[in-house]
Amino acid sequence: MSMNNYEACAVIHKHRGDALITNTMSAMMAITAVSPSPLNLASVPLMGGASCLGLGLAIAQPGRPVMVLDGDSSLLLELGSLAQIADVAPARFIHFVFNNRLQFSGVANLDRPGRHVDFCAMALAAGYASAQKIGTVDALEQSLPALLDSDGPHMVELEIIAPEKFTKQTPQIDFPDLQFTRMGAEKAAMMEALGTAR
Amino acid sequence: MANSDYAVPASRVHDILRDKGVNAVTTVPDFIQFALHDRLRADPDVTYVECAAENQALTTAMGMYIGGLEPIIMVQNQGLFNCINTLRSVGIDGQTPLVVFAGAFGREFSNLGKPLAESRRVMVNRTQPVVEGLGLPFYHIETQDDLPKIATAFDRARADKRAAVVHFGYYPAWT
């Protein structure tokens with residue numbers, strides 16, 4: 001009972017409307033492919049930054065829905081973000097955690113810490129309005145409209161299939177310059193789209 | 001000079017922030033800047049967000065900036081050391097003109113009026129070299145004569161689309 005990054009992002013794309021989406025790690029690859037938009041902001045190379053980038057956007061743009069496409073390891077890096085998101089309590093805020101239980105998903109598939117971590121319980125304990133674990137595309141499809149129509153912040157932990165990892169015959173890549181400039185470029189594009197460029 | 005001669009009035013810093021259009025603060029509170037924290041928290045025109053860690057203060061501020069607000073980040077020197085990678089990401093690669101206010105926690109009073117490099121304490125004497133090592137401008141506030149540097153920090157950050165650091169060497173006064 002789980003889905004892959006692309007299946008999950010396809011459902012998010014279908015329902016996003018004019019939502020601002022911050023994203024990181026493997027969810028970044030999927031949302032970029034499935035739902036390209038000037039309203040997307042990648043936290044790269046900055047593992048852990050997506051949740052509070054989304055919080056800042058939600059504070060400044062309270063009329064718009066904000067979706068955070070976080071990773072499980074990424075959220076563990078900045079777990080304190082749950083506290084301030086719950087304090088601010090942005091109403092139209094959905095925090096997805098793509099939980100594949102890995103570091104470097106699809107590349108090295110190294111284990112992450114926290115085998116017993118319950119992200120939904122932590123979000124509720126921090127003060128999120130709701131939290132649920134979703135394991136199928138159909139369940140995500142059914143849940144998302146109601147989440148968009150009710151006050152958040154909402155946590156949605158997605159059970160994501162771990163992809164096959166590269167083999168030892170597959171060399172690690174030389175990252176392109178784009179990896180290091182896209183955050184600034186996407187920031188500029190989002191500001192143009194929002195009319196906040198300065 | 002008396003120690004109080006190094007205490008710049010928080011009200012004057014607040015005035016400069018108003019002039020520069022600052023309307024939001026993200027912070028992991030700083031032991032040095034209590035008087036400024038107090039004023040900004042009480043300002044109804046300022047959105048003030050307490051964060052659990054400095055990385056989160058920086059990324060929340062970047063999101064605010066993209067969304068149209070004009071935030072500053074308030075941390076202490078230890079906090080600045082704690083978020084170097086995020087500062088690199090949002091303040092250099094991300095081209096976000098965020099001004100970071102950092103307090104010189106741990107600065108011995110005997111160092112007042114002297115170069116920071118002569119402080120006995122690493123967190124004091126290495127802050128400027130670390131910031132400048134990143135290629136970011138560093139503006140040290142030692143006395144009231146240095147207050148114009150704050151406006152300069154905003155102008156420089158906005159012109160270069162990069163972060164800048166304003167460093168308070170002593171407790172701002174509660175006036």
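Key figures for this structure:
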quantity: Relative contact order (%) - chain A, alpha-carbon pairs under 8 angstrom, separation at least six; calculated: 26 percent
quantity: Residues with amide H under 5 Å from that of B:Tyr139, placed H, sequence gap 5 or more; calculated: B:Val165, B:Val166, B:His167
quantity: Share of pairwise Cα separations in the stretch B:3-168, more than 27 Å, in percent; calculated: 16 percent
quantity: Dipole magnitude (debye, nearest 20) for the stretch A:96-145, charges at Cβ of Lys, Arg, Asp, Glu; calculated: 200 debye
quantity: Estimated dipole of the stretch A:5-194 in Debye, rounded to 20 [Cβ of Lys and Arg +1, of Asp and Glu -1, Cα centre]; calculated: 180 debye
quantity: Listed residue pairs exceeding 24 Å between alpha carbons, taken from A:Lys14/B:Lys161; A:Lys14/A:Lys165; B:Lys20/B:Lys149; A:Lys133/A:Lys187; A:Lys187/B:Lys149; calculated: A:Lys14/B:Lys161; A:Lys14/A:Lys165; A:Lys133/A:Lys187; A:Lys187/B:Lys149
quantity: Signed unit charges on C-beta, dipole axis of the stretch A:5-194, positive-most listed residue A:Leu76, A:Pro153, A:Ala123; calculated: A:Leu76
quantity: Debye-sum result for chain A in log10 I(q)/I(0), which assumes one identical scatterer on each alpha carbon, at q = 0.15 Å⁻¹; calculated: -0.88
quantity: Residue exposure sequence - B:Val90, B:Val166 - by fewest surrounding Cβ within 10 Å; calculated: B:Val166, B:Val90
quantity: Order of A:His116, A:His154, B:His14 - criterion: other Cβ atoms within 10 Å of each residue's Cβ, fewest first; calculated: A:His116, B:His14, A:His154
quantity: For the stretch A:74-153, convex hull of alpha carbons as volume per residue, Å³; calculated: 96 Å³
quantity: Euclidean distance of C-alpha centroids, the stretch A:53-77 and the stretch B:1-34, integer Å; calculated: 29 Å
quantity: Size of charge dipole - the protein assembly as shown - debye, nearest 20, with Cβ of Lys, Arg +1 and Asp, Glu -1, no other charges; calculated: 500 debye
quantity: The stretch A:90-198 shape via C-alpha gyration tensor axes, a/c threshold 1.5; calculated: oblate
quantity: 12 Å beta-carbon shell around A:Asn4, net charge (K/R +1, D/E -1); calculated: -3
quantity: Residue-averaged beta-carbon neighbours from other chains (10 angstrom radius) around B:90-98; calculated: 5
quantity: For the protein assembly as shown: rounded, prolate or oblate by the Cα gyration tensor [a/c cutoff 1.5]; calculated: prolate
quantity: Antiparallel DSSP beta bridges within chain A, as percent of all bridges there, nearest 5; calculated: 5 percent
quantity: Low-density loop cleavage sites - trypsin sites (Lys or Arg not before Pro) in the stretch A:131-184, where at most 10 other Cβ are within 10 Å (DSSP); calculated: A:Lys168
quantity: For the stretch B:5-77: rounded, prolate or oblate by the Cα gyration tensor [a/c cutoff 1.5]; calculated: oblate
quantity: Considering only the stretch A:47-157, percent of DSSP beta bridges that pair antiparallel, nearest 5; calculated: 10 percent
quantity: DSSP bridge pairs, the protein assembly as shown: antiparallel proportion in percent, nearest 5; calculated: 5 percent
quantity: Per-bin percent of Cα-Cα distances, the stretch B:104-146 [10 Å]; calculated: 28, 55, 18
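Here, each number is a calculation from the coordinates, and none is a lab measurement. In this text the structure is predicted, and so the values were computed from the model without any measurement. Quick reminder, even Gly has a Cβ in these numbers, built from the backbone with ideal geometry, and neighbours come from all protein chains shown.
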